[in-house]
Each structure stands twice: as structure tokens, then as C-alpha cells.
1. How many residues does region A:253-289 contain that are in contact with a Phe, Trp or Tyr (Cβ under 8 Å, 6 or more places away or on another chain) and either of a type in the set (Ser, Thr, Tyr) or part of a loop (DSSP other than H, G, I, E, B) (or both)?
2. Which one of the conditions (1) farther than 23 Å from residue A:345 by Cα; (2) among the charged types (D, E, K, R); (3) more than 7 Å from chain B (Cβ to nearest Cβ); (4) in contact with a Gly (Cβ under 8 Å, 6 or more places away or on another chain) does residue A:141 fail to meet, given that it meets all the rest?
3. Considering only region B:139-161, I want to know if a residue exists there that is within 23 Å of residue A:139 (Cα to Cα), modelled with pLDDT of 95 or more, part of a strand (DSSP E or B) and within 12 Å of chain A (Cβ to nearest Cβ).
4. I'm trying to understand the selection: among the residues of region B:33-43, which are facing chain A (nearest Cβ under 9 Å), free of Cβ contacts under 8 Å to residues at least 24 places away in the same chain and either surrounded by 11 or more Cβ atoms within 10 Å (Cβ to Cβ) or under 30 Å from residue B:20 (Cα atoms) (or both)?
5. Which is in contact with a strand residue (DSSP E or B) (Cβ under 7 Å, 6 or more places away or on another chain) and assigned to a strand (DSSP E or B), of B:81, B:37?
6. Would you check if residue B:130 is over 23 Å from the mean Cα position of the chain (by Cα), at positive phi and more than 9 Å from chain A (Cβ to nearest Cβ)?
7. Could you tell me which of the residues B:46, B:53 is of a type in the set (Ser, Thr, Tyr), within 11 Å of another protein chain (Cβ to nearest Cβ) and assigned to a loop (DSSP other than H, G, I, E, B)?
8. Restricting attention to region B:162-175, which residues are touching a residue at least 40 places away in the same chain (Cβ under 8 Å), of a type outside the set (Phe, Trp, Tyr) and either within 20 Å of residue A:156 (Cβ to Cβ) or assigned to a strand (DSSP E or B) (or both)?
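The values are calculated or read from the model by the stated rules, or taken from the named source; none is laboratory data. Bear in mind that the values here come from a model prediction, so they are computed numbers and not experimental data. Glycine also receives a Cβ, built like all others from the backbone with ideal geometry; neighbour counts cover every protein chain displayed.
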Amino acid sequence: MEILEKKRRVYVLGGGISKFAAERTDGNMRDWINESVLEGLEDSGTKIADIEHSTTSYFSDHFDKQLKAGAIFHDNIGMCPKPNVRVEGGGGTGGLAIRNAYAYIMSGLCDSMIVFGSENMGRQVPSDVAQQFIALASDTDWEVQVAGFYIAYYAIMMVTHMERYGTTEEQFATISVKNHRNAMYNPKAHYPMEISVDDVMNSKMITYPYKLLDNCLLSDGAACLVFSTEDWAKKHSASWGKKPTIELTGTGCGTDFMRMADRPFPYPGITHFRGKRTGAEMAYKMAGVKNPREDFDCFEVHDAYSGVELVSYEDLGFCKEGEGGKLAEKGVFDLGGDLPTNTSGGLIGFGHPVGATGVGQGVEVLRQLRQEAHPKRQVELNSKRGGMDSHGGTGTFCAINVFERRD
Amino acid sequence: MGLELVSNLMEVFTAEDPMAFQHPDGDPWADFREIMRIEWKMDFTYKHVLGKYSKFFIELTNKKFVTTECPGCGKVWAIPRPLCADCLTITKWKELPGTGTLESYSISNFVPSFMKVDIPYVLAMVKLDGADTLFTHQLRNYGDSTDTIKTGMPVKVAYATEPVGHPMLLMHFEPA
């Protein structure tokens, strides 16, 4: 990978979120996208007529029984006849969409791009059908028949982590407590809640070691981000120079075998997210990050399950392998700690409308770096850098992006 | 009202907006909260081709566990692949004894009902003798309590004796 000479740079001009909630009967994906786009345009001080390109972020064609939904979103917001592209990487779709904005703008294919993501997470079908749709994201010939539910795999990963490093259930329960608590100060969040480690430990056991409150929920909602070059922003963004300037300085992507059974030992084995390490190394190199725990002020981590966030600390380089549990327990990743993670509430507290999730992580990092977050979840800015990590499958597709404030 | 003209109508209702949209004109969606919900039935059956690893499933009906070995690098993928993903050499079929050890497992107290299995459900990742990667399947017949299940315990492939709904279910794991 060549680090491009920064003759061009990519800036994050603004973002919008349409409320993440369990079941939104007030409309459908198009309506939520529209809402997030209106907010994103307002926030970025831009007009849709000026924006040159769009990227659609959604994961499932099944949940909304609509192929080419991206074309509909794109025409709903008045982007025709300008170009659109859809990206898809399961739970990592939104992170990949942001990476796509970087690629398109840096290559000169366009100077500005609007990225919008949404998901209608299956309240339109019975829960059993929704489970089958999600199961289709694992290998349908080899896995669905024997384990058509992701938690069984994530539980295996966590059991091996506990056996190998002595990680405890209470340690990852603290992450669920933190994320639900952070969501209390995010009005767009699906699942804000003040709970204790005991509440998590006493919630219904689903698959050992994961209890009900260790899991994220399926959400409805949408998110949007607007990106451009500096020259474009000067010409077309009314808020350029008035709001803090945020640059997208690094992007990385990594993958692993779809089936955990095929992954090599000892690393990642069936414990770690190799794709996350690969993607993070790329993104950090681009952004000049040497010591992630010090070089970031905040980080949105893909906490599909509380333990996934714990293991991600290690694979994202916030600490050594096996240290995630102890550091979580010490509050290193809480608001006020060394590196606050999931200040938005994460997938557990903010919610997980898949195609919107990664884009929403980007909106949170933008808000933090501009110091626009609710005072109770606003981090202190030192490095003025924030990161986000989103993944699909069991870490099968990982996208890591780095945002930086330039004053 | 004429709604009876819609044969698949479920309901017309006033939706609750989970969060009012911030707009200079106040509540811009006030006139957009009447929502119609319809029932939409879709039913599919696929004619699904299992690909060049079909022999694995065919041999399960003969109570044999076959997989693929790479003649290039020697790697034996427990879940067969026609093309070695490490060195891109076309593989050869190889029979394994069907014995191995339990690498890890999870015990589920809830599973999606489409799976039609008993709970607790034990998903096992097994290091098969003669293979370099793991194989994933259900562990059954572990006795009265899941407490008997331990990482590292010997397990073996067992074959179905009753008709199954998918060729993958022609086998499962049991304690050896």
C-alpha cells in the first residue's frame, strides 16, 4: 500500500442520524434515509444539487424485499442523474462506505460524496424469519444447518479467550454497562439504560458466556455523512471554516475466512479478529498513529456482543492480547478513562441498524471531535483524533477509519 | 372508506414518531403519520447446487468422512475445498478416520426455532485427526449433563440413521 501524497485530502463536512429504535412504524428505510440526509446537509452547510456522487450502505436485500434499494434512496434525495455505488460488507458495511468515500475522492473520481446507510431490521417478518435472514450471512452450505445463529460462534470465541487469558464474564459485563450508560446521553440511541454488572450477570443466559444484556439489538434507523475536498468545501459548504475542520486521515480494511473453522492457529485461531488487526495497521499507518491508546481521544468499536468489544481492544492495538478484560474492569475505556470507547453507546446502547451502524459511528466521531456531543458524553480532546471500527460476520470483513480535527 | 378494496390490508394506523424531526417549521411530518400496513406473502423453493464439494455429502450417506488434501502444500482442509486457499492447487479427496478432539464449544439455551433442535444445543469446533483446520458441527449424546463436556475431550463423527432435512445433518459429533 502506498501512502498517497496528500495533494488531495478528504474532509468530513457533516452528518445526520435518524433515530435508532426497535421498530419504527412511522415510515420505512427511504423515510429514515431522507431524514438523516436532511440533517446531514444542514450540518454540512451543503446543497444536494452540488454533491457529485453518493454511496449507499445497506446490508440485506431480504429484510426489505427490495433489490436496488440504493437506487431508490439516491433518487429520493434528488441525486439523479449523478453516480451512485452500493457497498456491502455485512455489519461492516457502513465502515466500508466511509472508506469508499475516501477512495472515490482521493482518486479524483469526484470531489464530494454523500454516504447514506439504513436498515430495516426485520420487524416486518416474524423473529424466526429474521433469524434465518441473518443466518444467510454465514456459510449456507456448511454453517447455517448446524449453527444458524451468530451468538454460538461469538460465544466460542469468548470461551477460548477466557480459557487462554483468564478473562471473566464480569469483565465484559462492564462493557455492556458502559455502553448502555453512554447511550443515556445520546437522544438518538435505541437502548439507553443505567444498569449494573449484576444486572448483566443475572439476565437470561442465551449462549454461555453471553447473557441477554451482553448482546446488541436489531434496530431501525439511518445515518448520513458528507465528504469532500477542501476546494469543493470552500466553494459549496456554508459551514466550512465556521465549524471545526475534520479530516478523514486513515482507512483500513481487513478480512478473514468466512468460516471460523478455517482460520489459522495460533493467531487468530478462533479467538481473535485478524482482519481487524490488518485493517487497523493500515489505517494507523496512513494517519500516523503510533500508540493507539494515546493517539486517539475516542473510538467507536463494533460491540455486537460485549466480549467482542473486549477482544477488539486487543486486535485494534489498544493493549496486548489478553489484557482487554483487566483494562475494561479498570475503566480505561470509560468516559474519563485513557481512551473512551463507544461514547455513542455503541451497537449495544446506540443500536445496530446494520447499514447505518458504521456511518453512525462516523457521525459520533465527528460530533466528538467538533465538541458537539452532549456534555455528559463529550470526551476531552488531546490528540484530536477519533477512530471507528466496524465489522461483518465473525470479524470476516473489518473496516477501520480515522478522523482528525484540524484547527 | 373503501379500504375493503385492499384484499391484503392489515391495518391503517397513526404511527408514533420515535423522535420529532428538528425542523424550522416545527413538526414537518405532522401530515405524514397515517400509515398503511399490508400483508405480503412470498414463498420460494431453491434448487440448490452444493458445488464441487458435493462428494463430501454423498460419502456421508456411505458413513464415510472424506475431505480434501492439497497435493501442493499438503494442507488438509477439514471442510473440503476444491481449490487450496493457501496455494491455489486443485485438491484431492482423502478419507479421514472421523476421530478427533474438541477444540472449543458453546452451549445455547435458545436457538432460532427454524433449526428444529433440542436445547441445550452444543456447537462444537473439532480438530479432526489428519486435518489441519477445524470442523464445526453439533455435539450430541454427551450424557445427562453438559458438565461432562470438556475442551480437549476425544470426539468422533457419528452418522444419521433417520432421514434428514439437509445433507449436512447426515453427521454430527459424539464423545468418543
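1. 5
2. Here residue A:141 meets the rest and fails (3).
3. For region B:139-161, residues within 23 Å of residue A:139 (Cα to Cα), modelled with pLDDT of 95 or more, part of a strand (DSSP E or B) and within 12 Å of chain A (Cβ to nearest Cβ): present.
4. Across region B:33-43, the qualifying residues are B:33, B:35.
5. Going through B:81, B:37 in turn, just one is in contact with a strand residue (DSSP E or B) (Cβ under 7 Å, 6 or more places away or on another chain) and assigned to a strand (DSSP E or B): B:37.
6. On the way: over 23 Å from the mean Cα position of the chain (by Cα): yes; at positive phi: yes; more than 9 Å from chain A (Cβ to nearest Cβ): yes.
In short, yes.
7. B:46
8. B:168, B:171
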